[in-house]
Amino acid sequence: MEQTAAFGDRAQKPFTGSERIRRFKRHHLAVLMLPIIVTACVSTKMPATSTPLFDGMSLAGWVMLNGSLPDPRAWQAKDGLILQVSRERSLGDLMTLRCYTNFDLSLEWRLEKGGNSGILYRVAPTPGVPAWHSGIEYSLLDDANYPAATGKPKQHSGAAFDLYPPTTSVLRTTGEYNQARIKLYHGRVTHWLNGAEVANFEIGSADWRRALAVSKFADIPVFAKTNCGRIVLQNHGDPVQFRALQITDLGL
């Protein structure tokens, strides 16, 4: 019995020579485009994500500047806080095990009345050498109650210590927590204090060289020369509390 063609069926006509050539070209163009599409998908960069620098319970991932385990006489972890509890500066600073090249760091900090501390970055740990010889310091200070810094804005909170003063004063009342943020990306550095941008500079620029030349670091050849450095919490002999430490590694 002869079958009736289903709806939409069409009799297939033989391809002409020109039609075969057109189809051949379309097929091979699609094949050639495939690696480009695949490469584009593979090369798509995933957004950087923030990770904690502190687990809230221990000092895992941190060591003393000399590489030893954290000294509990100076540094402790308690109730979600990193505490510097000593009045003895000689007990030393606390340093990350990892080094960072480009990063975005944020944390909260609190000082007692008249307190002084700092966050240093791009530190190259060297036996017997202070962290500030190589690392740039984000200054932490009770500005109003630290007489030695009177009239010295390059030492005030949010400053790049002895290099760039904060452009605005947004420090909270003594005893309250303040928010610090540091972003370093290919030499460009930005400091924020309590959400306000307070310093912005480029390592190695003409402006940087002028600032460096009149600073205490002018004659220290290793200062700010490290590409991948550690992050250091300073023991300046004043109790200080840190919490909510987060870092985004921005890669190389």
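The values are calculated or read from the model by the stated rules, or taken from the named source; none is laboratory data. Note that the coordinates shown come from a computational prediction; the quantities given were computed from them, not determined experimentally. Glycine also receives a Cβ, built like all others from the backbone with ideal geometry; neighbour counts cover every protein chain displayed.
Annotations for the structure displayed:
- Qualifying residue in segment 226-234 (condition: part of a helix (DSSP H, G or I), of a type outside the set (Val, Ile, Thr) and in the same structural domain as residue 113 (by TED's automatic domain parsing)): no
- Among the residues of segment 71-91, just one is surrounded by 14 or more Cβ atoms within 10 Å (Cβ to Cβ), assigned to a loop (DSSP other than H, G, I, E, B) and without any contact (Cβ under 8 Å) to a residue 40 or more places away in the chain, namely 71.
- Those residues of segment 135-150 which are polar (S, T, N, Q) and touching a Gly at 6+ places or on another chain (Cβ under 7 Å), in sequence order: 139, 145
- Taken together, the criteria place residue 174 among residues that are surrounded by 14 or more Cβ atoms within 10 Å (Cβ to Cβ), of a type in the set (Ser, Thr, Tyr), in the same structural domain as residue 135 (by TED's automatic domain parsing) and in a loop (DSSP other than H, G, I, E, B).
- Qualifying residue in segment 151-169 (condition: of a type in the set (Lys, Arg), touching a Phe, Trp or Tyr at 6+ places or on another chain (Cβ under 8 Å) and in a strand (DSSP E or B)): no
- If you go through segment 155-175 and keep only what is in contact with a strand residue (DSSP E or B) (Cβ under 7 Å, 6 or more places away or on another chain), more than 19 Å from residue 236 (Cα to Cα) and of a type outside the set (A, V, I, L, M), you end up with 164, 166, 167, 168, 172.
- Members of segment 108-157 that are more than 20 Å from residue 214 (Cα to Cα), in contact with a Lys or Arg (Cβ under 7 Å, 6 or more places away or on another chain) and aliphatic (A, V, I, L, M): 123
- Unique match (being modelled with pLDDT of 95 or more, part of a strand (DSSP E or B) and of a type in the set (Ser, Thr, Tyr)) among 106, 68: 106
- Qualifying residue in segment 109-132 (condition: at pLDDT 95 or above, in a strand (DSSP E or B), charged (D, E, K, R) and more than 16 Å from the chain's Cα centre (by Cα)): yes
- Matching residues, segment 92-109, being buried (at least 17 other Cβ atoms within 10 Å of the Cβ) and of a type in the set (A, V, I, L, M): 94, 95, 105, 107
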